[in-house]
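Shown next, in structure tokens, is the structure this report addresses.
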Amino acid sequence: MTSSIVIADDHPLYRAALVQTIQSFSDTFGPLECTACSSLTEVHHCIEAGNVKPNLVLLDLHMPDINGFSGLMDLRANFPQIPIAIISGDDSSKAIDRAKQLGAVGFISKSLEANELQNIIQKLLDGALSFDTTGNEQDLEWQEFARRIASLTPHQFRVFNMLSQGRLNKQIAYDLEITEPTVKSHVTAILRKLGLRKRTEVILLSQKFEALSQA
């Protein structure tokens, strides 16, 4: 059975090298199909068009249409059944902890040797988690935001993203092809789960969350 891996990274040389390295593991893993994407938008197009049915997505933290961990949050909301692992040059314990808190299945440092990468990919394809658990840095404020946002359903998260952009209920309903009463219901649930009272607080919370993502 062929395993399908989507590699999302905007650096052409690293992306090509990663594809080549992972495909070389086929002698051990069996048939491997790697799809390279240079943006989050490309990942969406590949999956939504049915071009690929990935067993795993390897997602870089820093691409033109990704702001920190927003890409991971987006894919987790839109494709909750697909395992997402982060690949990054920032392998601090804080970055690893945050990836885990937001639902990634693993964290891959760009400084890994090929044999280490092979072991991690094998674990991830087998359905296991792979994180460096040596770090113990904690950011209580970040964890609280992560806990609240992780409690949103996929539909609520999409509405949350649009609320964060200052979109009106009518605009959200049109874009998501749902009714305005449904949007209102989602907004009420979002405010309750996030412990907020009004829509403007959603924008402020989102901005603060993004700032902490970059910290």
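The values are calculated or read from the model by the stated rules, or taken from the named source; none is laboratory data. Computed from a predicted structure; not experimentally measured. A quick note on method: Cβ atoms are made from the backbone with ideal geometry, for glycine too, and the neighbour counts reach across all protein chains shown.
Remarks
- Scanning the stretch 53-64 for residues that are crowded, with 19+ Cβ neighbours inside 10 Å and part of a loop (DSSP other than H, G, I, E, B) yields a count of 3.
- Leu40 meets each of the listed conditions (1) over 18 Å from Lys100 (Cβ atoms); (2) under 10 Å from the mean Cα position of the chain (by Cα); (3) surrounded by fewer than 20 Cβ atoms within 10 Å (Cβ to Cβ) apart from (3).
- Subset of the stretch 163-172 that is closer than 19 Å to Ala77 by Cα and surrounded by fewer than 19 Cβ atoms within 10 Å (Cβ to Cβ) - its residue that is modelled with the highest pLDDT: Arg167
- If you filter the stretch 26-52 down to residues that are at pLDDT 90 or above and in a loop (DSSP other than H, G, I, E, B), you find that the one that is nearest to Arg158 (Cα to Cα) is Ser39.
- Residue satisfying all of: in the stretch 128-154; modelled with pLDDT of 75 or more and among the small types (Gly, Ala, Ser); farthest from Phe107 (Cα to Cα) among these: Ser151
- Complete set of residues in the stretch 2-34 that are under 19 Å from the mean Cα position of the chain (by Cα) and farther than 21 Å from Gly127 by Cα: Asp9, Asp10, His11, Arg15
- The one condition in (1) modelled with pLDDT of 90 or more; (2) among the polar types (S, T, N, Q); (3) part of a helix (DSSP H, G or I) that Gln81 fails to fulfil: (3)
- For the stretch 156-173, the criterion of being within 15 Å of the chain's Cα centre (by Cα) and over 18 Å from Leu205 (Cβ atoms) is met by no residue.
- In the stretch 83-102, residue surrounded by the fewest Cβ atoms within 10 Å (Cβ to Cβ) [restricted to those that are under 10 Å from the mean Cα position of the chain (by Cα) and under 17 Å from Cys37 (Cα atoms)]: Pro83
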